[in-house]
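Colleague: For reference, the structure I am asking about is given below.
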Amino acid sequence: AEGSLSGTRESLAPGADAAAADELSSLGSDSEANGFAERRIDKFGFIVGSQGAEGASCHLLHRLEEIPLEVLRQRESKWLDMLNNWDKWMAKKHKKIRLRCQKGIPPSLRGRAWQYLSGGKVKLQQNPGKFDELDMSPGDPKWLDVIERDLHRQFPFHEMFVSRGGHGQQDLFRVLKAYTLYRPEEGYCQAQAPIAAVLLMHMPAEQAFWCLVQICEKYLPGYYSEKLEAIQLDGEILFSLLQKVSPVAHKHLSRQKIDPLLYMTEWFMCAFARTLPWSSVLRVWDMFFCEGVKIIFRVGLVLLKHALGSPEKLKACQGQYETIEQLRSLSPKIMQEAFLVQEVVELPVTERQIEREHLIQLRRWQETRGELQCCSPPRLHGAKAILEAEPGPRPTLQPSPSIRLPPNAPLPGSKGKPKPSKQSQKEKEQWKQAKASGQLDKPPTPSQAKVAAAARDACPPQDVPPKDPAHQDPALQDSAPQDSAHHHSQESLTSQESEDTYL
């Protein structure tokens, strides 16, 4: 496991040349960040030209596909509109959100969009101050030592993490430590570090923590548990789906008896963050946060299909070792952003197929190995499923209308003539009874009745007790509170609509 996530600065810096090592260790430090970064850091934050960086990482092995500035500004404007009206878009136009995630989230809004898609923003709102509380806690020494040893292994040629003890490594430590306190039964898994590091490149520590929680509990539940049972199950699912996607690659891996765990563990557990070129990583994550784990399966299937899916490519893979090496050193062409994204979008692997295979593999697991020891929550497939499972807290509006309308007056925006309310009909009957008994000479006109109703609404009856309670109609007494509540609910609804329109 330690070897699979290797790539430390010590192993890349030449041992004999102390000056070069010192220069490398100082890159990205607070004192040298100004001006220095502009010359030697690419648009993703990776240091350009560092010795060994190109060999240790795929992040710089690509030609950047520049989007025209005009197109980028248009996409930013559309995404801002979506993010400012997120619930409405998710409820009515989720398909449009999915299409825009497939095109790529604008870099300036990527961090905010990931928080909305994953439900991390909702979790933060539901748990105010929780991260600060975990951050201040001392933590379990067993996990702290392991986390600290892993810090400098995470993207050692990115400006955030190149400096030992720098802000990036400090925040990474805080996020990972907080998770071990948040889920002490799960603790820390080495593959969580690259996930948290990618999040920290796009958002502050608190937001990154809640996005990490959502990935571990909603998108990839059970992946980081002690026995790694969930990743083993998904390996079998991937292998079964490969038979339909690329029978040639499936037959070759079966003949060589290569267990899926040998090539897909780091792919899935790190969500390809340590496998693909960086531009491809970001595009895959955009789709992953929107559509869920099926994107991870699709990427894995595309890589297997294009690496082993033809007789010509299998000529160089005569044995187990050669096959695994072929999958560990994938051709840059199949990992290139535009090609990979197009293949992933078009691959016909659905959530239903994944869940059906999951049930089949789970039954086989129970027949051969018994019950699963890790009882992880059910996997949720993407942003829509997460939002439906955990709807965000809606702020309660406290309307205080400045104009009080009579009970039978039309509401703003309503059409047609106002219908007479029940209360006004009872008032007429009361007036008729009073006239019949000789107490009144003539009934009031409708306009007088409206004025009287408005006056009663402005002056509540409890302030001025009736002169003769005995003559008061009990039906009128019973109906008044109900009608008043109905009237207030109408007013509240109007205020709510006005607030929604404004927002």
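The values are calculated or read from the model by the stated rules, or taken from the named source; none is laboratory data. Because the structure is predicted, anything quoted here is derived from the model rather than measured. So basically every Cβ, Gly included, is an ideal-geometry build from the backbone, and we count neighbours across all protein chains shown. Areas reflect the complete protein model, heavy atoms only, side chains present, ligands, DNA and RNA absent. Shrake-Rupley method; radii C 1.70, N 1.55, O 1.52, S 1.80 Å.
Colleague: Quick one: how many residues across segment 325-335 are open to solvent by 30 Å² or more (accessible area, probe 1.4 Å) and within 19 Å of residue 264 (Cα to Cα)?
Modeller: So the count comes out to 6.
Colleague: Could you check, for segment 164-175, whether at least one of its residues is touching a residue at least 24 places away in the same chain (Cβ under 8 Å), open to solvent by 10 Å² or more (accessible area, probe 1.4 Å) and in a loop (DSSP other than H, G, I, E, B)?
Modeller: yes
Colleague: Which residues, counting only those in segment 283-296, are closer than 16 Å to residue 218 by Cβ and either not aliphatic (A, V, I, L, M) or not in a helix (DSSP H, G or I) (or both)?
Modeller: Answer for segment 283-296, where residues must be closer than 16 Å to residue 218 by Cβ and either not aliphatic (A, V, I, L, M) or not in a helix (DSSP H, G or I) (or both): 285, 288, 289, 290, 291, 292, 293, 294.
Here's the yes/no breakdown for (1) part of a helix (DSSP H, G or I); (2) surrounded by fewer than 16 Cβ atoms within 10 Å (Cβ to Cβ); (3) not assigned by the TED database to the domain that holds residue 199:
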position	(1), (2), (3)
272	no, no, yes
281	yes, no, yes
300	yes, no, yes
341	yes, no, yes
349	no, no, yes
371	no, yes, yes
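Colleague: Here's something else I'd like to know. Being over 12 Å from residue 241 (Cβ atoms) and open to solvent by 100 Å² or more (accessible area, probe 1.4 Å) is the filter here; which residues of segment 355-369 pass it?
Modeller: Once the filter is applied, which keeps residues that are over 12 Å from residue 241 (Cβ atoms) and open to solvent by 100 Å² or more (accessible area, probe 1.4 Å), segment 355-369 yields 359, 363, 364, 367, 368, 369.
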